[in-house]
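Participant: Can you keep this structure in mind? I'll have questions shortly.
The values are calculated or read from the model by the stated rules, or taken from the named source; none is laboratory data. None of the values given here were measured: they were computed from a predicted structure. Here the Cβ positions follow ideal geometry from the backbone for every residue, glycine too, while neighbour counts run over all protein chains shown.
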Amino acid sequence: MMHSINVVGLGPGDKDQMPVKIEKMIKEAAVVYLRTADHPAVNELKTDGVRFESFDHLYEENDQDFEKVYTAIVDHLIKLAEDKDIVYAVPGHPMVAEKTVKDLMKNYSKVNIVGGKSFLDDLFQSVQVDPVEGFQLLDSFDLNQDTLNTDQHVIIMQVFNALMAGEVKLTLMEKYPDDHKVAVIDAAGSRQEKIEWLPLYEIDRFEGVYNLRSLYVPPLELDEQVTSLSTLQHYIDRVTDADKGDAWIKEQTPKSLIRYLREETEELIAAIEKDDSDNWMEELGDVLVQLLYQTSRAEKEGLFTFEDVLETVNRKIRRRHPHVFDGVKATTAEEVDALWQKIKAEEKRDKDETR
């Protein structure tokens, strides 16, 4: 018989932040299994007679390799569920950035998410932000500058030590000014809550481990979002606006713009050939502007949009690189070329068949 794994959230901090239903379930369990005992509510519940067994020892046994730790936890929980229903408790809410819960749901069919309270409500209240304005919730372990939206509120979880904070800082500084004011928030909503506003470049200047620490990064004003393609699109839309835009560009057609596209492309080629990196970078921008002028004109004529261009090229890149994305063997330039020729022939045949 397959038994149930009931997953509950300990909430963001103190026991009094925990829903009554969750507290009742924890207190009625013979034993509650914990991903980590390092949580304010655990000690409080221990005084109420709750028996806990934590998996903290697995972090040391697996040399802090979190993927191995999470796999070991999931395997152990499934093994325990062979004999009985069990209660598994995690910090916050089980469905908010909890990898072990995701893995459990993938690998075991009788996982019941009972609920809990995440830290998000308390964090938004702490920094006085309305989430309806748009926000990103990101994990410090998976932070990638390419996915950061600088026009939204950004919350980064698990910035728990100086080393991690340093890595987060370097990633953010690719998109934000070094002195951009951010908030470091510990134990949001609890009695131990602490909020400190400081410039981005200072966020890794601390010692110790803070497992309930998050980072809040406010959005940039439009003119500060200088690393965003969306900002450039906004500027191009303004410049090419039929009523209030630039008088010169309003008189242009896709064909009249060809000479400028050719000039900018030739200047780009010259910069590359001269190994002039500064000019190379600038000329790439000029060519990009010409491409956006072309898509703007096409959109105004009802032919296609910039999004149509992106969809077409993204699908093409994905389709033409099965040796990168799908495990197809092509390790030499000759093998890649042969694969490309085959794919392009298939594309041509498909086009001919749909005409």
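Participant: Give me the pairs: first residue in region 236-258 and without any contact (Cβ under 8 Å) to a residue 24 or more places away in the chain, second residue part of a helix (DSSP H, G or I), beta-carbon distance under 7 Å, and six or more apart or on different chains, which are they?
Facilitator: Taking only residues 6 or more apart or on different chains, the pairs are 239/249; 245/238; 245/239; 246/239.
Results for (1) over 22 Å from residue 212 (Cβ atoms); (2) surrounded by fewer than 15 Cβ atoms within 10 Å (Cβ to Cβ); (3) not polar (S, T, N, Q), shown as yes or no for each residue.
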site: 30; (1), (2), (3): yes, yes, yes
site: 46; (1), (2), (3): no, yes, yes
site: 50; (1), (2), (3): no, no, yes
site: 59; (1), (2), (3): no, no, yes
site: 66; (1), (2), (3): no, yes, yes
site: 71; (1), (2), (3): yes, no, no
site: 75; (1), (2), (3): yes, yes, yes
site: 107; (1), (2), (3): yes, yes, no
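Participant: Tell me yes or no: at least one residue of region 73-93 is free of Cβ contacts under 8 Å to residues at least 60 places away in the same chain and aromatic (Phe, Trp, Tyr).
Facilitator: no
Participant: When you check residue 167 against the structure, is it touching a helix residue (DSSP H, G or I) at 6+ places or on another chain (Cβ under 8 Å), modelled with pLDDT under 95 and either closer than 30 Å to residue 122 by Cα or not β-branched (Val, Ile, Thr) (or both), yes or no?
Facilitator: When the stated conditions are applied, residue 167 does not pass them.
Participant: So for region 133-153 (the condition being of a type in the set (A, V, I, L, M), assigned to a helix (DSSP H, G or I) and either over 21 Å from residue 203 (Cβ atoms) or at pLDDT below 95 (or both)), does at least one residue qualify?
Facilitator: No.
Participant: Which of the residues belonging to region 9-53 are touching a helix residue (DSSP H, G or I) at 6+ places or on another chain (Cβ under 7 Å), among the basic types (Lys, Arg) and closer than 19 Å to residue 77 by Cα?
Facilitator: Within region 9-53, 35 is the sole residue that qualifies.
Participant: Another question, if that's okay. Mind listing whichever residues of region 232-265 are surrounded by 12 or more Cβ atoms within 10 Å (Cβ to Cβ), in a helix (DSSP H, G or I) and not hydroxyl-bearing (Ser, Thr, Tyr)?
Facilitator: Taking region 232-265 as the starting set, the residues that turn out to be surrounded by 12 or more Cβ atoms within 10 Å (Cβ to Cβ) are 232-237, 239-241, 245-246, 249-250, 252, 254, 257-258, 260-261, 263-265.
Then drop every residue that is not in a helix (DSSP H, G or I), which leaves 232-237, 239, 249-250, 258, 260-261, 263-265.
If the condition is that a residue be surrounded by 12 or more Cβ atoms within 10 Å (Cβ to Cβ), in a helix (DSSP H, G or I) and not hydroxyl-bearing (Ser, Thr, Tyr), then 232, 233, 234, 236, 237, 239, 249, 250, 258, 261, 263, 264 are the ones that fit.
Participant: If the requirement is being surrounded by fewer than 17 Cβ atoms within 10 Å (Cβ to Cβ) and either modelled with pLDDT of 95 or more or not assigned by TED's automatic domain parsing to the domain that holds residue 23 (or both), which of these qualifies: 174, 193?
Facilitator: Answer to the selection: 174.
Participant: Any idea which residue in region 79-102 is nearest to the chain's Cα centre (by Cα), counting only those that are crowded, with 18+ Cβ neighbours inside 10 Å and assigned to a helix (DSSP H, G or I)?
Facilitator: 99
Participant: Answer yes if at least one residue in region 112-128 is exposed (fewer than 13 other Cβ atoms within 10 Å of the Cβ) and out of contact with any strand residue (DSSP E or B) (no Cβ under 6 Å at 6 or more places or on another chain), and no otherwise.
Facilitator: yes
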